[in-house]
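Trainee: Can you keep this structure in mind? I'll have questions shortly.
Please treat every number below as a calculation from the coordinates, not as lab data. All values reported here derive from a predicted model rather than from experimental measurement. Counting neighbours? That spans all protein chains shown, and the Cβs are built from the backbone with ideal geometry, glycine included.
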Amino acid sequence: MAHKEYKVKKGDSIASIAFELGLLPETIWDDPKNKKLKDKREESDILMVGDIVYIREKEEKEESCATEEKHKFKRKSVPAKLELQLLEEGQPRGNLEYQLIIDGITTTGTTDKDGWLKHSIPPNAKKGELKIGDSEVIDLKIGYLDPITTIEGIQQRLNNLAFNCGEPSGKLDERTSAAIRSFQQENDLEATGKPDKKTESKLMEVHGS
């Protein structure tokens, strides 16, 4: 079966690519042709710009139906899940009312006791807003998380956890080293300011991805 190559862009995930092409995510992710990428990235929602994803050409499928009758065909779809935990000085912001706006659609809700909010969203959603109260607005970039093995991916996660690195640059500068050191100190790791394997693992655990 022939395949075509797709070069990953910023904000892409296997779910968003599959959604745009009318495929199921597992059809792409479990394709043997993508095994090397799957082993390298491990998570289908965290890809790197420039990664190559192989897409198998669609197969036509025929269904036998009686003529002069109405028939319904349901397209299988798996919505993506947005999960956020709201914290203030390391403490959960529980039972907090909010408005979530994704692709112009507003959903209201209340965080649970641990500060979490969880919603199904379109797999190809890229941006959104989270409004809390009358004045707090948080811009959301969906699918923009780089792998933990990159400096930019580390910076993004540290920023999300309020260890401020500034705008992710992909460079291990003084500000990033200071943020890593603060994270290491708070999590009982050796405070080297460098992203070693133990730090990466703990950062993934605390961040949740």
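Trainee: Points 7 angstrom from Cα along the Cβ direction at Trp116 and Ala191: gap in nanometres?
Mentor: Roughly 3.1 nm, to one decimal.
Trainee: Using 0.36 nm per residue of separation minus the Cα-Cα distance, give me the extension gain between Lys127 and Gln91 in nm, one decimal. Present the calculation step by step, with values, prior to reporting the outcome.
Mentor: On the way: separation 36, 0.36 × 36 = 12.96 nm, distance 2.59 nm.
The Lys127-Gln91 span can extend by a further 10.4 nm.
Trainee: Please check which bits of the stretch 166-198 a label hung off Thr149 would reach, taking the label as a point 7 Å along Cα-to-C-beta and the cut-off as backbone N under 19 Å.
Mentor: 170-172, 195-198
Trainee: Take Asp134 and Val206, extend 7 Å from each Cα along the Cα→Cβ direction, and tell me the distance between the two endpoints in nm.
Mentor: Simple spin-label model gives 3.5 nm for this pair.
Trainee: Net charge near Gly90, counting Lys/Arg +1 and Asp/Glu -1 over other residues with Cβ under 13 Å of its Cβ?
Mentor: Result for the neighbourhood of Gly90: -3.
Trainee: Express in % the proportion of alpha carbon pairs of the chain at distances exceeding 31 Å.
Mentor: Pairs farther apart than 31 Å: 32 percent.
Trainee: Shape of the stretch 88-155 from its Cα gyration tensor (a ≥ b ≥ c, root eigenvalues): rounded if a/c is under 1.5, otherwise prolate when a/b > b/c, or oblate?
Mentor: It comes out oblate by the Cα gyration axes.
Trainee: I'd like the projected area of the stretch 151-207, averaged over all directions, using the convex hull of its alpha carbons. Report it in nm² with one decimal. Don't jump to the answer; show the numbers that get you there.
Mentor: Numbers: hull surface 12.5 nm².
Mean projected area of the Cα convex hull: 3.1 nm².
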